[in-house]
Amino acid sequence: MRPSDIGELVTLAALWGASFLFMRLGAGEFGPVALSFVRVAGACLFLLPLLGWRREFGALRAHWKPIFVVGITNSALPFLFYSYAALAITGGLAAIFNATSPLWAALIAWVWLKDRLTPLRVLGLVVGFGGVLWLALGKASLQPGEHGVSPALAIVGCLGATAFYGFSGNFTKRRLGGVAPMAVAAGSQLSAALVLAVPALLLWPAHNPAPLAWAAAAVLALVCTGMAYALYFRLIAHVGPANAISVTFLVPAFAVLWGALFLGEVVSARMLIGCAVILAGTALATGLIGRRH
């Protein structure tokens, strides 16, 4: 990768890492459903004009059904689950669990698409999920916190979100190969907004969220989702999906950094060890270690 590509990769990791910070700042005031709706609706405001400028609305119309599925499984449900988790666990911890997305993708590809798993990739799955189990056991308290959500349920939410990410990646590969990436990005956010609109209306907070919560939701939507999606697909076009997915290894570092700087979140030795084990397993399972050049 060129230095400019590496710079964009680090920027993307910083943006996605910051999303966990802004979910923490907004989830308590909005609630998970309303915050997720604001997030995807705001992302639409960024991505749909970009789609129009690129004259790719035709791709969205032609493939709206599979894109709708991607909107549910890659945005609506994962964003909802992570916003729910933000009520009980730190952004850094949630981001570490988010790093398991490629593990789920590899496992689902093996079961569903019959992708071949080498012994090294199987070892990666075992190591990665072993790290998840070890880290989760140390944090999985059933005692509800301030917002009535226990850390154990928050962790289940994170893993549910990553499983949906894994499914969505394989579904996109199978049903949307060759489709304009920006049509998938913008269309999926629009689909997620449509799915979440009525639940968000029914569960809208009784009191108007504070200005800080609105600011967090706006940045989460426009920058950490809309702009980040555009940057991600630009990276895929320039360096390919195999290199672009390496952003997974940088997101937890930024999420931990932002949480520590702005929310005073504590980073434990168990978190660092668990993160290292999960990332090592991910590198093995995705073929980043042992790849022949």
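The values are calculated or read from the model by the stated rules, or taken from the named source; none is laboratory data. All of these numbers come straight from a predicted model, not from anything done at the bench. Neighbour counts are summed over all protein chains in view; Cβ atoms, including those assigned to glycine, are modelled from backbone coordinates with ideal geometry.
Among all residues of the stretch 26-42, there is none that is free of Cβ contacts under 8 Å to residues at least 40 places away in the same chain, of a type in the set (Gly, Ala, Ser) and surrounded by fewer than 22 Cβ atoms within 10 Å (Cβ to Cβ). Being surrounded by fewer than 18 Cβ atoms within 10 Å (Cβ to Cβ), closer than 15 Å to residue 182 by Cβ and in contact (Cβ under 8 Å) with a residue 40 or more places away in the chain: is that true of residue 54 here? The answer is yes for residue 54. In the stretch 175-190, is there at least one residue being of a type in the set (S, T, N, Q), part of a helix (DSSP H, G or I) and either free of Cβ contacts under 8 Å to residues at least 12 places away in the same chain or surrounded by 15 or more Cβ atoms within 10 Å (Cβ to Cβ) (or both)? Checked against the condition, which is being of a type in the set (S, T, N, Q), part of a helix (DSSP H, G or I) and either free of Cβ contacts under 8 Å to residues at least 12 places away in the same chain or surrounded by 15 or more Cβ atoms within 10 Å (Cβ to Cβ) (or both), the stretch 175-190 yields at least one hit. The residues on offer are 43, 34, 85, 76, and the sole one that is over 24 Å from residue 245 (Cβ atoms) and modelled with pLDDT of 95 or more is 34. In summary, helices (runs of 4 or more DSSP H) completely within the stretch 44-130 and bearing 2 or more residues that are within 23 Å of residue 285 (Cβ to Cβ) occur at 77-85, 91-98, 101-112.
Quick one: which of 229, 165 is farther than 14 Å from residue 73 by Cα, of a type in the set (Ser, Thr, Tyr) and touching a helix residue (DSSP H, G or I) at 6+ places or on another chain (Cβ under 8 Å)?
Values: 165 fails: farther than 14 Å from residue 73 by Cα.
One residue alone meets the criteria, 229.
Would you be able to say whether some residue in the stretch 155-163 is under 18 Å from residue 91 (Cα atoms), at pLDDT 90 or above, outside any helix (DSSP H, G or I) and of a type in the set (Val, Ile, Thr)? No, the stretch 155-163 contains no residue that is under 18 Å from residue 91 (Cα atoms), at pLDDT 90 or above, outside any helix (DSSP H, G or I) and of a type in the set (Val, Ile, Thr).
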